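The values are calculated or read from the model by the stated rules, or taken from the named source; none is laboratory data. Quantities reported herein were computed from a predicted structural model and do not represent experimental measurements. As a convention, Cβ positions derive from the backbone with ideal geometry for all residues, glycine included, and neighbour counts pool all protein chains shown. Please note that ligands, DNA and RNA were not included when accessible areas were found on the heavy atoms of the full protein model with its side chains. Shrake-Rupley method; radii C 1.70, N 1.55, O 1.52, S 1.80 Å.
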Amino acid sequence: MHPKTRDKLIFTLVGWFAAGLIFFPIFWMILTSFKTEVEAIATPPKLFFTPTLENYVTVRERADYIHFAINSIVISVGATLLATLIAVPAAYAMAFFPGKRTKDLLLWMLSTKMMPAVGVLIPIYLLFRDTGAIDTRWGLIVVYTLMNLPIVVWMLYTFFKEVPKDILEAGRMDGAKPKQEVWMLLLPLSLPGIASTALLSIILCWNEAFWSLNLTTSEAAPLTTFIASFSAPEGLFWAKLSAASTIAIAPILVFGWMSQRQLVRGLTFGAVK
C-alpha cells in the first residue's frame, strides 16, 4: 500500500472511531427512549428488544413540549442577537483600534468563563427577585447574553483581524463613516465568521441548564428544565428521561446538521490565505 494511501486510511479510521465515541451516548439515549423502564435498567444492557412509544406518549401527556420549545427558541435566539449586537462594535474597536490594554482586556473577558456559575448565583438571584425577572424570558436572555459575551467577542475579534485593513482604509478614503464601514464593508467580509459565532452561541444557550433550573419555574422554562422534570425523589426514570432528552435535543441536532457546512466554513475562516 502506498504510504499516502495508508496514512489517509489510518486518519479516516481514527476519525470514524472518534466520531463513534462522541456519538455513542446520543445513540444509546435514543435507543433507551424506546425501551420500557425495566429494559432500560437491565444488566447486562439489552441491545435487541421490542421498541415501544410508551415513553413518548407519557412525556407528551405530562408536559407541554411546545411551550418549552418556544421558550428555548426565543431565549437562545434573543440572547444570541443581543450578544452579537454588543460584540460587533466591541470586537471592531479592539481589532482595528487596539490600545495598550486590548490584549489584557480580551484575556480578562475570557477568564470570566473560568469562574463557577454557582459563585454568582446568590447575588444574581437576589437581583432577579428584586427586579421581577424570576421566571421571565427577558431575564434568561440577559443572563445568557452575559454568559456567552466573552466567547462571542473573542471569536469576532479573531475573525475581524483576518479582514484586510486595506479594504477598510479604501472605504475611509471614499468617505465612509465608521457606521458605514462596519455595515457595508466589515460585516459582509466577515459574514462566515459571524454566522459560525451565532450558531455556536445558539447551541450554548440551548444546552445551558444551570441558570434555567435556578431562575425559572414554569412560564419561561426552556427544554433543559423540561428534561429535569422527569427526575424524581424515588430515582431516575431512565426510559422516560431518555425520551424527554431525545425530544429536547432533536431540534438542535437537526439545526446543527443543516448548518454544519456553514459552521465549519466560519471556524476555518482566514485559516488559509
Please determine, in degrees from 0 to 90 and to the nearest 10, the orientation of helix 102-111 with respect to the longest principal axis defined by the Cα atoms of the chain, where the helix direction is its Cα long axis.
10
Taking Asp174, Asp130, Asp104, Asp135 and ranking on accessible area (1.4 Å, protein atoms only), highest first, one gets Asp174, Asp130, Asp104, Asp135
Asserting the computed 222 nm helical MRE of the chain (DSSP H runs at least 4 long, -39500 (n - 2.57) per run, divided by residue count, to nearest 500) equals -22500 deg cm²/dmol
Please give every one of the lysines within straight-line cross-link reach of Lys35, meaning a C-alpha to C-alpha distance under 26 Å, and leave out same-chain neighbours fewer than 8 residues apart.
Lys46, Lys240
Does the range 1-158 classify as rounded, prolate or oblate by the C-alpha gyration tensor (a ≥ b ≥ c root eigenvalues; a/c under 1.5 gives rounded; else a/b over b/c gives prolate, otherwise oblate)?
oblate
Tell me the relative contact order for the range 58-158 as a rounded percent, counting alpha carbon contacts under 8 Å between residues six or more apart.
54
Taking the structure as given and computing Cα Rg over 2.2 N^0.38 Å, which label from [x] 0.95; [y] 1.23; [z] 1.30 fits?
[y]
Ordering Trp16, Trp238 by how much accessible area each has at a 1.4 Å probe, largest first, what is the list?
Trp16, Trp238
Taking the Cα atoms only, what angle lies between the long axis of helix 238-258 and the longest principal axis of the chain, rounded to 10 degrees?
30
Rounded to the nearest 20 debye, dipole of the range 1-129 from Cβ charges on Lys, Arg, Asp, Glu:
640
Contour minus Cα-Cα distance for Ile86 and Leu191 (0.36 nm per residue)
36.2 nm
Computed magnitude of the charge dipole of the chain (debye, nearest 20; Cβ of K, R +1, Cβ of D, E -1):
980
Per residue of the range 186-198, what does 6.51 cos²θ - 1.76 cosθ + 1.60 with θ = phi - 60° give for ³J(HN,Hα)? Whole Hz please, x for Gly and Pro, Karplus curve as stated.
5, 5, x, 5, 10, 4, x, x, 5, 4, 5, 5, 5
Excluding residues fewer than 8 positions from Lys177 in its own chain, the lysines with Cα under 23 Å of it are Lys161, Lys165
Over the chain, what relative contact order in percent results from Cα pairs under 8 Å that are six or more residues apart?
31
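Can you put Lys100, Lys165, Lys4 in order of accessible area, largest first, using a 1.4 Å probe? Provide the component values of the computation, followed by the final result.
Working: Lys100 200, Lys165 100, Lys4 155 Å².
I get Lys100, Lys4, Lys165, largest accessible area first.
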